[in-house]
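Worksheet for the structure shown next.
The values are calculated or read from the model by the stated rules, or taken from the named source; none is laboratory data. For clarity, every value in this text was computed on a predicted model and none was experimentally measured. Glycine also receives a Cβ, built like all others from the backbone with ideal geometry; neighbour counts cover every protein chain displayed. All accessible areas refer to the heavy atoms of the entire protein, side chains included, with ligands and DNA or RNA removed. Shrake-Rupley method; radii C 1.70, N 1.55, O 1.52, S 1.80 Å.
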Amino acid sequence: LVGDAWALVHETGHNLGLHQTMHLPDGTCCTISNNCDDGCMDTPTLNEIIASGQPDPCPHWGQNIPTKSNNIMDYSGEQSVTPEQLGRIHYTLMHDMISYIYDDYCSLNLNEPEYMLGAGQVLTWQNDRILNNNLVIENGARLTLKDCTLYVPSGASIIVKPGGSLFLDGATITNRCGLMWQGIEVWGNSGTHQYEANGSYGQGYLEMRNGATIENAICAVELWRPEHYNTTGGIIHATDATFRNNAKSVHALWYTNYSYINDEQEMPYNSFFHNCSFSIDANYLGTTTFFKHVDMKHVKGISFLGCDFSVNRNVPGVSLWCMGIGAYEAGFTVNSYCENSNVLPCPDEYLIPSSFYGFHRGIHASNDGSAARMFTVRNSLFDNNTCGIYALNTDYATIVDNDFTVGCGSDCDFGIYADGLSAFCIEENTFHPRATNTGSPYGIVIVNPGTNDIYRNSFANLRCGNVAVGDNKTSTSGLTYTCNTNSGNAIDFCVLKDGSIGDIASSQGSATLPAGNTFDGSLYHLYNDGNHLISYYYDVN
């Protein structure tokens, strides 16, 4: 029975990550005084010592012990666990067995203290861990999660206070027990700029890199303390990062960054996302409804370069009206990302485009007139969206060099739908339907834009390439279409009334500068249901 008991202890030790009996290089046993650990593993084995004719310095149970061992793996009658073995057991439990022993930590435990990093603390966590309450990073503290996983229970948050910083370097922050956690709050100071001074920021700072992942959060990153409007302005720098199955990925709002030299000059919001992925897939928990990956209001200048936005709209918990980016009185940039090249301009083979797949609106940008905000979308792909880009009353929009695969099977699918844009640049885009499209795909719909030009775009095999709705005409000018390519559309250009009014510029081109559009295979090249005649100028060649 004694032997069976020690055998049970020994084998349990293996399950906890401990190795066989250890011997010192001189053949003696690991003793209490020397506190040896797995550094003994390369020394002679028990069989090697016995074969040499020497007595075993770490005897099994039932034999006389020349020295007392503190190695729980040696079957001796008086055992303890070394500090090194305790460390190995702790690592095994936290890393290899975490999902078996921590299922009771499913929800925030207010009886447990918050994990606090105080001013001046600089820590790196490289082993998997679990929280049972909030993690708080104070002003002047810095925490790095390196190639590990942090498990967060329902109701718990990670809080980065102004002046604190959190670095996710190849690390994953995820949930427990199939319940969504709250997410990371990066607190700011609405009265402070976002520039680095003396090695730190006056705002909370989050950096994600090398495949860092945040998943299964209600809001992965809040760039403020929710409901405290004096805490806006938190900073995030994300490169090669993943935001997966979050009800919302990023929320930035009501902050203006001013130049630290001239406090009247507005500067871009100091946050960016480069080569990042935002996705909702079949594993979405769905306990909180997904509406949009990125939610911005009254901010300017956040950039998304080479980012992939996608959603599976068939998953429970996903809104039918979902968006990739929702921007309200907010300026932003979506563009490609240049990877592994320092050449300017970036060679095409190194460009990673941004993409939007599966949304009701890939990008929604609207303005209530309270702030002048501009947005830019370049070198991006739009596919399987009800509407690729929806713009309402924005002051200026630049939409250039994008590819729109229009349609997800609804009655009306649009590449671009723009209503009330005071000015825009829509150039060099391509529009074509999905191969399996069963709906009615439209390229560009323009409503009441004033004087603008749709220039050098390509439209193929659509229900209608371009639709102009309402009053798109002034006494001397209006909406024009120049140098666009049309092929196989049912209607190339269509002018419709909004109520009783419908017009575009009365002259498309001029006697000295033809409109320059090309037509091939359409039922109608120009269908005019507006209020006035249109003079269309073309080159006979």
* Quick check: anything in segment 256-267 in contact with a Leu (Cβ under 9 Å, 6 or more places away or on another chain) and not β-branched (V, I, T)? -> no
* **Unmet criterion (only one of (1) in a loop (DSSP other than H, G, I, E, B); (2) over 14 Å from the mean Cα position of the chain (by Cα); (3) within 28 Å of G211 (Cβ to Cβ)) for N262** => (3)
* Unique match (being in contact (Cβ under 8 Å) with a residue 12 or more places away in the chain, aliphatic (A, V, I, L, M) and under 18 Å from V136 (Cβ atoms)) among A217, A241 -> A217
* For segment 218-239, does any single residue satisfy the condition of being more than 22 Å from I325 (Cβ to Cβ), of a type in the set (A, V, I, L, M, F, W, C) and in a strand (DSSP E or B)? -> no
* Selection from segment 205-231 of residues that are in contact with a His (Cβ under 6 Å, 6 or more places away or on another chain) and surrounded by fewer than 24 Cβ atoms within 10 Å (Cβ to Cβ) -> E207, C219
* Asked: Which residue out of G234, G202 is within 21 Å of L117 (Cβ to Cβ), in contact (Cβ under 8 Å) with a residue 60 or more places away in the chain, open to solvent by less than 50 Å² (accessible area, probe 1.4 Å) and not aliphatic (A, V, I, L, M)?
  -> G234
* Structure fact -> Subset of segment 518-537, residues more than 23 Å from T474 (Cβ to Cβ) and either of a type outside the set (F, W, Y) or surrounded by fewer than 17 Cβ atoms within 10 Å (Cβ to Cβ) (or both), comes to T518, D520, G521, S522, L523, Y524, H525
* To do: Please work out which residue is nearest to the chain's Cα centre (by Cα), limiting yourself to segment 399-423 and to residues that are polar (S, T, N, Q) and more than 17 Å from L479 (Cβ to Cβ).
  => N402
* **Flag for N139 being modelled with pLDDT under 90, over 16 Å from Y151 (Cβ atoms) and in a loop (DSSP other than H, G, I, E, B)** => no
* With respect to the numbered conditions (1) at negative phi; (2) open to solvent by 20 Å² or more (accessible area, probe 1.4 Å), which one is the sole condition not fulfilled by W254? -> (1)
* Residue by residue through segment 410-442, note down the ones that are at pLDDT 95 or above and in a loop (DSSP other than H, G, I, E, B). => E428, N429
* Being touching a residue at least 24 places away in the same chain (Cβ under 8 Å) and hydroxyl-bearing (S, T, Y), is that true of even one residue in segment 344-353? -> no
* Of the conditions (1) in contact with a His (Cβ under 8 Å, 6 or more places away or on another chain); (2) open to solvent by less than 20 Å² (accessible area, probe 1.4 Å), A515 fails just one. Which one is it? -> (1)
* Here is a list of conditions, (1) assigned to a loop (DSSP other than H, G, I, E, B); (2) more than 16 Å from N270 (Cα to Cα), and I158 meets all of them except one; can you say which number that is? -> (1)
* Out of the residues in segment 254-276 that are among the charged types (D, E, K, R) and farther than 30 Å from I352 by Cβ, which is modelled with the lowest pLDDT? -> D263
* Across segment 353-384, what is the total count of residues that are of a type in the set (A, V, I, L, M, F, W, C), open to solvent by less than 40 Å² (accessible area, probe 1.4 Å) and either touching a strand residue (DSSP E or B) at 6+ places or on another chain (Cβ under 6 Å) or within 25 Å of G407 (Cβ to Cβ) (or both)? -> 7
* **N314 open to solvent by 20 Å² or more (accessible area, probe 1.4 Å), more than 17 Å from H274 (Cα to Cα), part of a loop (DSSP other than H, G, I, E, B) and not basic (K, R)** => yes
* Structure fact -> Pairs returned, first residue in segment 167-180 that is farther than 30 Å from S200 by Cα, second residue that is buried (at least 18 other Cβ atoms within 10 Å of the Cβ) and aromatic (F, W, Y), beta-carbon separation under 7 angstrom, 6 or more apart or interchain, are R176/Y105; R176/Y151
* Qualifying residue in segment 334-343 (condition: in contact (Cβ under 8 Å) with a residue 24 or more places away in the chain, on the phi > 0 side of the Ramachandran plot and either open to solvent by 20 Å² or more (accessible area, probe 1.4 Å) or more than 16 Å from the chain's Cα centre (by Cα) (or both)) -> no
* Consider V467 carefully, then state whether it is touching an Asp or Glu at 6+ places or on another chain (Cβ under 7 Å) and not in a loop (DSSP other than H, G, I, E, B). => no
* How many residues are in a loop (DSSP other than H, G, I, E, B) and under 22 Å from the mean Cα position of the chain (by Cα) when one looks only at segment 351-385? -> 7
* Considering only residues of segment 112-128 that are surrounded by fewer than 13 Cβ atoms within 10 Å (Cβ to Cβ), of a type in the set (A, V, I, L, M) and at pLDDT 95 or above, which is nearest to T144 (Cα to Cα)? -> L123
* To do: Consider L285 carefully, then state whether it is surrounded by fewer than 21 Cβ atoms within 10 Å (Cβ to Cβ) and part of a strand (DSSP E or B).
  => no
